[in-house]
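Q: Here you go, one structure.
No lab work stands behind these numbers, since they all come straight from the coordinates. This is a predicted model, so every value here is computed, not measured. Every residue, glycine among them, receives a Cβ derived from its backbone with ideal geometry; neighbour counts consider all protein chains shown.
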Amino acid sequence: MLGHLKEIVKSLSNVPVSSEEPKYIPENVDLEAANQWERSTMPMRGTFDCHEADATILKLKDSLDSHTNTRHQRGYSGIMNTLGSLDSSFTDVEIALFALEDTIETRKLQEKQLDQRFQIAIYQERRQAEFNDLS
């Protein structure tokens, strides 16, 4: 059937189109009906084309979003790993600083103790010298 229609269309395409108006126009036939039909269906065709374009754009957007989100997630994971290692390093440094403060405080106390022992030794020598002078 399609082959038969193709032949008819092919034969009609070879017929020259005359610019003259037809001589016989039957009654109750609107020659503008085809133009009116085309004008009335044109917005629907445009809407259909817009829906196809919208669907394509949405698919592209989803694809780009998923690609971008994946890339961002990888970046965020790397950043979070770096932050975790930095947190661990900061904790280690904080513990080392507390140990250093304790060491400095211990050193100061030892110096104070040594100074007091030295003062006691001087006092004992002076007392011993005074005792020797008295005897």
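Q: Over 15 Å apart: what share of the alpha carbon pairs of the stretch 77-135 falls there, rounded to a whole percent? Spell out each step's value before the answer.
A: Working: 1220 of 1711 pairs.
Considering the stretch 77-135, 71 percent of its Cα-Cα pairs are separated by more than 15 Å.
Q: Let me ask you something else. Multiply the residue gap between LEU114 and ASN81 by 0.36 nm, knock off their C-alpha separation, and tell me the result in nm, one decimal place.
A: Separation in residues times 0.36 nm, less the Cα-Cα distance, equals 7.0 nm.
Q: Report the net charge of residues surrounding ARG107, where surrounding means a beta-carbon distance below 15 angstrom and charges are Lys +1, Arg +1, Asp -1, Glu -1.
A: Working: positive: LYS108, LYS112; negative: GLU101, ASP102, GLU105, GLU111, ASP115.
Computed value for this residue: -3.
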